[in-house]
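Comments concern the structure below.
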Ligand SMILES: Cc1cc2nc3c(=O)[nH]c(=O)nc-3n(C[C@H](O)[C@H](O)[C@H](O)COP(=O)(O)OP(=O)(O)OC[C@H]3O[C@@H](n4cnc5c(N)ncnc54)[C@H](O)[C@@H]3O)c2cc1C
């Protein structure tokens, strides 16, 4: 049985939401994959009278499509289980007639795409970054007949994945050519297809009372606190959601025992939208100037004016900065063990970094790959003791401490890395198919270095009120010199910054 009891129980309530009959069109050969797809569709169709099976030619074999009479279908080549179960549920519900919950502006942009385009998205079922991309392209194909989309399960078509050199998922191909790799929201994909918004739409924006830069926990908290004071509030974010988008599960947001990172990002957006905040997503701030008002320049050339500003730009994964790293990104150099681990099944891989994230990654990957080598620069691992103990119990892990990774080597994909024992001159080559880099985070503050006071780590120095050295400029969250970097702490500092900024407005 491909649909176990738990999955059936998860599916049933959603199948009751179907508004119209759905056809599951199957194009399956006698291959092992073809049989599995046919069995899956049969089990699925048995769950609801609204689902019926038809046979027919699809653009890919073996596959099945979710169709409504007279509409183009959404294709799945493989079994949309694991993290992709939600993609199947949404495809069924949306094809049956329930409109996707997206804003009008995005719908208009999707409908305006005239060029015919077909997308193939390769996923792994353990990848938590894949469903957003699959669901975004499914929505586009539903809204625009010029667009079609197929989800392809990498685990089922491993030879194809190898042949295409795919080493990171989601991997999206547009009309057969590599188009996108990694996590992305619907808005980001639409922008990538249609081009960025010009600065014209910013021309008439009146000055804000409080402008927030950053759409992570700190920025959203600051914007909500500001908007609740009834003042004109704006929020600019390069990528709404922030680091929670990279996080699998969060268990320490007090009052919420467990939430997935992407779900938290969604809830932050929904909460923010309850207030009249001008949200400008997918825009990068590049310059801050204090004139009569504070002026924030965006990458697209627009300049936003505000009486007070709260900087909540967070942090990003630290690069190793060695030859080969940039060249082999998505070709064996990886940052997300949950997403890309299954693509290295049965192979030898390395994890660079012996802190908590590195050791968590090594433990996770050891269950999937043949062998893991952990490389730590310092003489000892820095991860929590409990993680180190768990790692020590694993038979297929080697730990190298006091070593420096010097280069990542490969041809069209990673074949190994070179490292050096610190203090010695010889290079040792380690043959691996993948290198997972887990060496911490850097604050997103390089664009502020000439304007604000930063510490040696590049963090914005703030006081207890989250004020910076410039009047009217406040900062919150992971981009500051706060001692601990956590969601709840970022939210708290965002709230403090907003209250301090409001206090500043009253007094000035
Ligand atoms: C893998 C991982 C797991 C984690 N797990 C947990 C956990 O379980 N519990 C926990 O409490 N914490 C966890 N954390 C830490 C937590 O996610 C951060 O402390 C928190 O997200 C910081 O919030 P923030 O708003 O300060 O920054 P971020 O979340 O980094 O958000 C920054 C925002 O600023 C935007 N931005 C950046 N530069 C610019 C610019 N120039 N212009 C415009 N916008 C910009 C970004 O696009 C983003 O929207 C984890 C972090 C990672 C990476």
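Some points to look at:
- Any hit, the stretch 449-458, residues being within 12 Å of the ligand (Cβ to nearest atom) and either within 27 Å of the chain's Cα centre (by Cα) or crowded, with 23+ Cβ neighbours inside 10 Å (or both): no
- Flag if residue 24 is touching a helix residue (DSSP H, G or I) at 6+ places or on another chain (Cβ under 7 Å) and at pLDDT below 95: no
- The C-beta contact set for the stretch 476-503 (first residue outside any helix (DSSP H, G or I), second residue surrounded by fewer than 18 Cβ atoms within 10 Å (Cβ to Cβ), distance under 6 angstrom, 6+ apart or interchain) comprises 481/455; 481/461.
- Scanning the stretch 89-136 for residues that are surrounded by fewer than 16 Cβ atoms within 10 Å (Cβ to Cβ), within 24 Å of residue 12 (Cβ to Cβ) and touching a residue at least 12 places away in the same chain (Cβ under 8 Å) yields a total of 2.
- Among the residues of the stretch 482-508, those that are within 13 Å of the ligand (Cβ to nearest atom), surrounded by fewer than 20 Cβ atoms within 10 Å (Cβ to Cβ) and either within 25 Å of the chain's Cα centre (by Cα) or closer than 21 Å to residue 231 by Cβ (or both) comprise 484, 485, 486, 488, 489, 492, 495.
- Residue in the stretch 283-297 that is farthest from residue 185 (Cα to Cα), counting only those that are within 11 Å of the ligand (Cβ to nearest atom) and at pLDDT 95 or above: 288
- Evaluating residue 416 against the criteria (1) within 16 Å of the ligand (Cβ to nearest atom); (2) surrounded by fewer than 23 Cβ atoms within 10 Å (Cβ to Cβ); (3) under 27 Å from the mean Cα position of the chain (by Cα) leaves one unmet condition, (1).
- When residues in the stretch 40-86 are screened for being closer than 19 Å to residue 19 by Cβ and in a helix (DSSP H, G or I), 3 of them pass.
- Of all residues in the stretch 438-466, those that are outside any loop (DSSP other than H, G, I, E, B) and at pLDDT 95 or above total 6.
Here's the yes/no breakdown for (1) surrounded by 24 or more Cβ atoms within 10 Å (Cβ to Cβ); (2) assigned by TED's automatic domain parsing to the domain that holds residue 222; (3) within 16 Å of the ligand (Cβ to nearest atom):
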| position | (1), (2), (3) |
| --- | --- |
| 312 | yes, yes, yes |
| 338 | no, no, yes |
| 358 | yes, no, yes |
| 361 | yes, no, yes |
| 364 | no, no, yes |
| 373 | no, no, no |
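- Helices (runs of 4 or more DSSP H) enclosed by the stretch 134-232 - at least 3 residues per element that are more than 16 Å from the ligand (Cβ to nearest atom): 158-164, 186-194
- Here residue 304 meets each of (1) within 14 Å of the ligand (Cβ to nearest atom); (2) buried (at least 20 other Cβ atoms within 10 Å of the Cβ); (3) within 20 Å of the chain's Cα centre (by Cα); (4) modelled with pLDDT of 90 or more with one exception, condition (3).
- Among the residues of the stretch 239-266, just one is over 15 Å from the mean Cα position of the chain (by Cα), in contact (Cβ under 8 Å) with a residue 12 or more places away in the chain and more than 9 Å from the ligand (Cβ to nearest atom), namely 254.
The values are calculated or read from the model by the stated rules, or taken from the named source; none is laboratory data. None of the values given here were measured: they were computed from a predicted structure. Here Cβ is always computed from backbone atoms with ideal geometry, including for glycine, and neighbour counts include all displayed protein chains.
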